[in-house]
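Read through the structure below, which is laid out as structure tokens, and then see the notes.
The values are calculated or read from the model by the stated rules, or taken from the named source; none is laboratory data. If you're wondering where the values come from, they're calculated on a predicted model, not measured in any experiment. Methodologically, a virtual Cβ is constructed for each residue, glycine included, from the backbone with ideal geometry; neighbour enumeration extends over all protein chains shown.
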Amino acid sequence: MTFFYTRTVRFQDTDAAGVVYFANVLAMCHEAYEASLVASGINLKSFFSNPSVAIPIVHAGVDFFRPLFCGDQLTIQLIPNQLTDNEFEIAYQVFVGEVTDKWATQAITRHVCIQPARRSRQSLPEEMVQWLCRWNSSAAAADSSTNRHNT
């Protein structure tokens, strides 16, 4: 199944030129990530405050193909991919309006699962493995259904 998140660009997201400030695209993508966790039944409060597991972002990047303006209706497609037993990345494609073959921006975040006290890598918890399987692109190819969330 593919995960889609829809969002309106707000004035606070833009810079003095009236376009979305570059770092805010990553914030929007993180909103989509959080929404996909909730859609999978993961409690965000527990997830982000778990003393035995943390999953920080260790790499992020964004490419821009066209400007995003206040009032634009965005659709963010989230495609996770497990890299190792303790690491995954998420590819995001941001579209203005409906999903087409041309996206406005694309982003990527890489996440590593660690034990917070020791700051050492550990295997992803089962709920995250299930989340990865649910929204993984290869699973999406096998299942044509979609899941959309709005804000």
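General remarks:
- Contact map, segment 65-94: residues that are over 19 Å from Arg134 (Cβ atoms) paired with residues that are buried (at least 16 other Cβ atoms within 10 Å of the Cβ) and of a type in the set (D, E, K, R), Cβ distance under 7 Å, separation 6+ or inter-chain. Pairs shown: Leu74/Arg7.
- The listed residue being in contact with a Lys or Arg (Cβ under 8 Å, 6 or more places away or on another chain) and either surrounded by fewer than 17 Cβ atoms within 10 Å (Cβ to Cβ) or under 14 Å from Phe3 (Cα atoms) (or both), out of Phe65, Phe69: Phe65
- For segment 19-55, a residue qualifies if it is surrounded by 11 or more Cβ atoms within 10 Å (Cβ to Cβ) and part of a loop (DSSP other than H, G, I, E, B), and the qualifying residues are Tyr21, Ser40, Ile42, Asn43, Asn50, Val53, Ile55.
- Note on segment 75-108: residues that are surrounded by fewer than 16 Cβ atoms within 10 Å (Cβ to Cβ), within 17 Å of Tyr5 (Cα to Cα) and either at pLDDT 95 or above or of a type in the set (Ser, Thr, Tyr) (or both) amount to 2.
- Scanning segment 102-131 for residues that are closer than 14 Å to Phe88 by Cα and without any contact (Cβ under 8 Å) to a residue 60 or more places away in the chain gives Ile108, Arg110, His111, Val112, Arg121, Ser123, Glu126, Val129.
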